[in-house]
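Below is one structure, written out as structure tokens, with a few remarks after it.
The values are calculated or read from the model by the stated rules, or taken from the named source; none is laboratory data. These numbers come from a predicted model, not from an experiment. Neighbour counts run over all protein chains shown; Cβ positions are idealised from the backbone, glycine included.
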Amino acid sequence: MDSSGWQLFLDSFWPIVWGGLGGTIPLALASFAIGIVLALVVALMRISKNRVLSGVARFYVSVIRGTPLLVQLFVIFYGMPAVGIVLDPWPSAIIAFSLNVGGYAAEIIRAAILSVPKGQWEAGYTIGMSSGTTLRRIILPQAARVSVPPLSNTFISLVKDTSLASLILVTELFRVSEEIAAFSQEFMLIYLEAALIYWLFCLVLSSGQSALERRLDRYVAV
């Protein structure tokens, strides 16, 4: 890399980082938070003995897992106006990413709940807890520990997938990179720099995952 290329790298580094901190991370956090709530509801529906609830949840998961995220994003942003619903880029991206997270995370949470030994349910009933209380105080804390690694991977994937939001004009890390690359005509350098910054973000998130796993170890039944 010559001196001019190195200078461009330095000049563009912080604008791209701030594009991530101001766009990518908030978008991923908001979508993940909404998606996890949706996933918990869908997971509970999936394990419900009510066939209608279970069937609806199964259909939702099938649709989300069976269609590309980019198509889901385009349907919401470009397709919804056809039925009279017009959304700005940010709400469209949050809805699309949340629905996508909900579909994948629901299966993770369902598997985590089912992995808790049945004796834990019986222990709750023995001390007079209702099913809801047992689920909330005994089952879900243990399921949370089991689900942390795959859910963390889902979040890290979401951080990278937010780059698709640039296609509907959401200003985030990759969108900023595209603008800088188009202006400087140094596409290889800027896109490699964007990849480096995504990687650094993911390293930080992986460290947070490890810390969270250690904190949740106390909930594991021995």
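A compact table of results
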{"quantity": "Close pairs from the stretch 23-51: first more than 27 Å from Lys118 (Cα to Cα), partner hydroxyl-bearing (Ser, Thr, Tyr) and in a loop (DSSP other than H, G, I, E, B), Cβ under 8 Å, at least 6 apart", "calculated": "Gly23/Thr171"}
{"quantity": "Residue within the stretch 30-39 that is farther than 20 Å from Ala144 by Cβ and either among the small types (Gly, Ala, Ser) or within 16 Å of the chain's Cα centre (by Cα) (or both) present", "calculated": "yes"}
{"quantity": "Qualifying position, being at pLDDT below 90, in contact with a helix residue (DSSP H, G or I) (Cβ under 7 Å, 6 or more places away or on another chain) and not polar (S, T, N, Q), among Leu189, Leu169, Leu164", "calculated": "Leu169"}
{"quantity": "Residue in the stretch 81-95 that is farthest from Gly23 (Cα to Cα), counting only those that are small (Gly, Ala, Ser) and in a helix (DSSP H, G or I)", "calculated": "Ala82"}
{"quantity": "Output for the stretch 73-119, where each listed residue is among the polar types (S, T, N, Q) and either surrounded by fewer than 16 Cβ atoms within 10 Å (Cβ to Cβ) or on the phi > 0 side of the Ramachandran plot (or both)", "calculated": "Ser115"}
{"quantity": "All helices (runs of 4 or more DSSP H) inside the stretch 1-72 with 3 or more residues being within 16 Å of Ala96 (Cβ to Cβ)", "calculated": "25-46, 51-66"}
{"quantity": "Test: residue in the stretch 153-170 that is in contact (Cβ under 8 Å) with a residue 12 or more places away in the chain, farther than 20 Å from Leu205 by Cα, of a type in the set (Lys, Arg) and surrounded by fewer than 19 Cβ atoms within 10 Å (Cβ to Cβ)", "calculated": "no"}
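Results for (1) of a type outside the set (Lys, Arg); (2) without any contact (Cβ under 8 Å) to a residue 24 or more places away in the chain, shown as yes or no for each residue.
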site	(1), (2)
Gly66	yes, yes
Ser92	yes, no
Tyr104	yes, no
Arg110	no, no
Ser115	yes, no
